[in-house]
Structure formats: C-alpha cells, structure tokens
Amino acid sequence: MSNNAKIAIGGVALGLFLWIWLPLWAVVLIVVGVPAAAYLTLDPSQRRRLRRARRREIGR
C-alpha cells in the first residue's frame, strides 16, 4: 500500500471520528480550515509551484 493510500485512509478514519464526536460546524471548520492554513503557511514560490502542478494535472 502506498504512503498516499495510508494517508487517505487515516484521513477518512479521522473524519469519521470527528463527525461522530464533534458538532457539524466544528468538523466543517477543521476540514476547510486545516488545508487553508497549510496553504497560507507556504511562501510565494511554493504557492506558484503548487498552482503550476495543479494546472498541469488538469490539462492531462
């Protein structure tokens, strides 16, 4: 099993756990807030590289 698959399975398990134990607004805040905060911590050159990689994959 690849590392990406392990991370995805862990994310789904954590999401289900949070969904059961926390109110819906808190789960949505975590699901949206964590990736947004991670993106904002990147410096401008890393953001450009990430946007370029996304565009390339869309054009496949």
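Descending by average beta-carbon neighbour count within 10 Å, the peptides 39-47, 19-27 line up as 19-27, 39-47, the highest first.
Calculated FRET efficiency, Ala8 and Ala38, Cβ-Cβ r, R0 22 Å, to nearest 0.05?
On the way: r = 16 Å, r/R0 = 0.74.
Approximately 0.85, to the nearest 0.05.
In whole percents, the pair-distance distribution calculated for the chain from its alpha-carbon pairs, binned every 10 Å from zero, is 19, 31, 38, 12. Considering the dipole of the chain built from charges on the beta carbon (Lys and Arg +1, Asp and Glu -1) around the Cα centre, which of Leu22, Leu42, Met1 is farthest to its positive end? Toward the positive end, the furthest listed residue is Leu42.
Accessible area per residue for the chain is 91 Å², calculated with a 1.4 Å probe on protein heavy atoms, without ligands, DNA or RNA.
Dipole check for the chain: with +1 at the C-beta of Lys and Arg, -1 at the C-beta of Asp and Glu, and the Cα centre as origin, the magnitude is about 560 Debye.
If I take R0 = 35 Å and measure r between the Cβ atoms of Met1 and Arg47 in this structure, what FRET efficiency does the formula 1/(1 + (r/R0)^6) give, to the nearest 0.05? Intermediate results must be reported in sequence, preceding the final value.
Values: r = 30 Å, r/R0 = 0.87.
Efficiency for this residue pair is about 0.70.
The values are calculated or read from the model by the stated rules, or taken from the named source; none is laboratory data. Note that the structure is a prediction, hence the values are computed from the model and not measured. In this analysis, Cβ positions are derived from the backbone assuming ideal geometry, glycine residues included, and neighbour counts consider all displayed protein chains. For the accessible areas, the whole protein counts, side chains as well, though only heavy atoms, and no ligand, DNA or RNA atoms are used. Shrake-Rupley method; radii C 1.70, N 1.55, O 1.52, S 1.80 Å.
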